[in-house]
1. So, THR245, is that one within 21 Å of the chain's Cα centre (by Cα) and under 27 Å from VAL156 (Cβ atoms) or not?
2. Pull out all pairs, ordered by first then second residue, where Cβ-Cβ is under 6 Å, the residues are six or more apart or on different chains, the first lies in segment 191-219 and is among the aromatic types (Phe, Trp, Tyr), and the second is at pLDDT 90 or above and not in a loop (DSSP other than H, G, I, E, B).
3. Going residue by residue through segment 262-279, is there one that turns out to be part of a helix (DSSP H, G or I), aliphatic (A, V, I, L, M) and in contact with a Leu (Cβ under 6 Å, 6 or more places away or on another chain)?
4. Can you find a residue in segment 221-241 that is surrounded by 15 or more Cβ atoms within 10 Å (Cβ to Cβ) and in contact with a Pro (Cβ under 8 Å, 6 or more places away or on another chain)?
5. Working only within segment 201-224, note down all residues that are touching a helix residue (DSSP H, G or I) at 6+ places or on another chain (Cβ under 9 Å), within 11 Å of THR96 (Cβ to Cβ) and hydrophobic (A, V, I, L, M, F, W, C).
6. Does ASN38 meet the test of being surrounded by fewer than 16 Cβ atoms within 10 Å (Cβ to Cβ), touching a Phe, Trp or Tyr at 6+ places or on another chain (Cβ under 8 Å) and not hydrophobic (A, V, I, L, M, F, W, C)?
7. Of all residues in segment 129-157, count the ones that are within 15 Å of ALA33 (Cα to Cα) and either free of Cβ contacts under 8 Å to residues at least 60 places away in the same chain or among the basic types (Lys, Arg) (or both).
8. Among the residues of segment 122-148, which ones are in contact with a Ser or Thr (Cβ under 7 Å, 6 or more places away or on another chain) and either assigned to a helix (DSSP H, G or I) or surrounded by fewer than 18 Cβ atoms within 10 Å (Cβ to Cβ) (or both)?
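The values are calculated or read from the model by the stated rules, or taken from the named source; none is laboratory data. Just so you know, these numbers come straight off a predicted model, no measurement behind them. No Cβ is skipped: glycine too gets one built from the backbone with ideal geometry, and neighbour counts run over all protein chains shown.
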Amino acid sequence: MSLINTGIDTAISIAERRSGKLGSALSAGRPQAVFLRNVYALKSSNWLVVLSGFVEPVFYLLAFGYGLGTLIGNIALPDGTLVPYAAYIAPALLATSAMNGAIYDSTWNVFFKMHFGKIYQAMLSTSLGPLDVAMGEIGWALARGFVYALGFMAVVTPMGLIPSWWGLLAIPAAVLIAFGFASIGMGVTSYLKNFHQMDWVNFVMLPMFLFSGTFYSLSVYPDWLRICIESLPLYQAIAMIRGFTLGVIDGALVGHILYFVVMIVLGLTFTTRRLRSLFLK
């Protein structure tokens, strides 16, 4: 009987927290519970999945930076400075790695938890609110983005591909990038109903990777196309990290940072409202 009473009291407590108080309805202030759940789940999963996010950009760097790079030679920056081709694409690969890690966590993982594991439904039947779930999942994506960035920097720095001490800021920049993509990705995933629709995620990410200045300058494009590509989040990410690693510090970096701050605010608002409408009707 005591267990039944405890369950009833808990249910009443949850209902009271979510009735008439917007802040309580959205969050219980415990996103760390969602984060820790992911930590425990990782301990029982295959670590090779996590390592792939680090290994993939390194393979691209070796194949393109040192393979194709021997044929290309040096690349001229806008100020006329010449840098090796490998040093030119390394920051772009770091930005792409941050994007891929965040998108993987906030799309495929979220899709499974939402439609098959029913994990979010279980979480939101407790005192946790949709903002707790969103921040916990996004925080997990940030942690993976940080690990990927740290590992990649540990590889490319001894190679001499980070010529400036400003390159140390590439690590927090990669976390900012992961934050932006994860906050948007989770909300978008909530609209997808089956695995076939998940292919649209790759349909968007692959062109961004190939055409956002990862391997060459946007100066090869006509002006109208260049302007369109400069509005894409991956271009903003690449330009920001490339500026830090190559020591090109100017006002444009502030614009890149603000771009992701706005992206994060909009993404969190969008995702929180979407989760609330789905599970707290």
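1. Yes.
2. Every condition considered, the pairs that remain are PHE209/THR96; PHE215/ILE89.
3. There is no residue in segment 262-279 that is part of a helix (DSSP H, G or I), aliphatic (A, V, I, L, M) and in contact with a Leu (Cβ under 6 Å, 6 or more places away or on another chain).
4. Yes - at least one qualifying residue is present in segment 221-241.
5. Matches in segment 201-224: MET205, MET208, PHE209, PHE215.
6. no
7. Residues meeting the conditions: 1.
8. PRO130, LEU131, ASP132, ALA134, GLU137, ILE138, ALA141, TYR148
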